[in-house]
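Worksheet: one structure, shown below.
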Amino acid sequence: MRKIGAITIGQSPRKDITKDILPILGDKIELIEAGALDGLKKEDIEKEKPVNGEKGLISVLNDGSSVFFAERFIQPRIQECINKLEEAGAELILFFCTGKFSYDFKSKFPIIFPYDILKNLLPLFSANSSIGNITPKAEQLEYTKKKWSSIINNIEAVPGSPYGDIKEIEKAALELEDKDIDIIVLDCMGYTLEMKKIVEKISGKPVILSRTLLARVVSEILDN
């Protein structure tokens, strides 16, 4: 049994994510989780909202509610998660967030970021360098376009939270239906397989689900 670590920017465990990725990773691994917001109260986290153009992140707590907070608040806490997982014997760490992080994390073992996988694959799957992007909050749209603009010429980004009413996802898919795009990215680890199917059906376009893409790449590495 191989030990694999997983870090969420919210609170662990993320059963909503692992239900879709564990079948891909296989039964020969033990997944050990850590969360950057573990042990914190919602009211304390909500005091750390992004200000003055800071980058904001969204994730969920153990009670199922979502929170929006500044990236700077969790950066040192992510390093604590890495240390914890290494001490627990993890030989590889999965990052449960599609954000682009500039923080210099220290680890003895590889940390697999979904952003890095998507950054290399998206240009290959978009012949016209034009993608659709569904991201959780309207406040994240500017950051989202900036994040992908170095590799994609046209980004049609729309909001649709994976932690709210499913109608948000349906509305976002409808907005992208008539756009001249090659593929749609569900740009958050919170989006589920069910949501991917909904977006595919409504938009009529191929859809990349970040959580299962991460799992499939790691499964290849583990040779499960």
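The values are calculated or read from the model by the stated rules, or taken from the named source; none is laboratory data. Fair warning: this is a prediction, and the values are worked out from it, not measured in the lab. Neighbour counts are summed over all protein chains in view; Cβ atoms, including those assigned to glycine, are modelled from backbone coordinates with ideal geometry.
Among the residues examined, Asn154 qualifies as at pLDDT 90 or above and touching a Ser or Thr at 6+ places or on another chain (Cβ under 7 Å). Between a residue in the stretch 151-164 that is touching a residue at least 12 places away in the same chain (Cβ under 8 Å) and any residue that is of a type in the set (Gly, Ala, Ser) and surrounded by fewer than 21 Cβ atoms within 10 Å (Cβ to Cβ), which pairs come within a Cβ distance under 6 Å, given they are 6 or more apart or on different chains? From residues that are touching a residue at least 12 places away in the same chain (Cβ under 8 Å), the pairs are Ile152/Ser129; Asn153/Ser129; Asn154/Ser130; Pro159/Ala138; Tyr163/Ser66. Any residue that is closer than 20 Å to Glu220 by Cβ and in a loop (DSSP other than H, G, I, E, B) - is there at least one of those in the stretch 123-141? No, every residue in the stretch 123-141 fails to be closer than 20 Å to Glu220 by Cβ and in a loop (DSSP other than H, G, I, E, B). For the criterion of being within 13 Å of the chain's Cα centre (by Cα), of a type in the set (D, E, K, R) and on the phi < 0 side of the Ramachandran plot, Asp187 passes. Being without any contact (Cβ under 8 Å) to a residue 60 or more places away in the chain and in contact with a strand residue (DSSP E or B) (Cβ under 6 Å, 6 or more places away or on another chain) is the filter; apply it to the stretch 116-134 and report the residue that is surrounded by the fewest Cβ atoms within 10 Å (Cβ to Cβ). Result: Ser130.
For Leu214, the conditions (1) out of contact with any Pro (no Cβ under 6 Å at 6 or more places or on another chain); (2) crowded, with 22+ Cβ neighbours inside 10 Å are fulfilled apart from (1). Selection of the stretch 1-56 for residues being modelled with pLDDT of 95 or more and of a type in the set (S, T, N, Q) yields Thr8, Gln11, Ser12, Thr18. Select the strands (runs of 3 or more DSSP E) contained entirely in the stretch 1-115, then report the ones holding at least 1 residues which are of a type in the set (Lys, Arg) and surrounded by fewer than 18 Cβ atoms within 10 Å (Cβ to Cβ). The strands (runs of 3 or more DSSP E) meeting that bar are 2-8.
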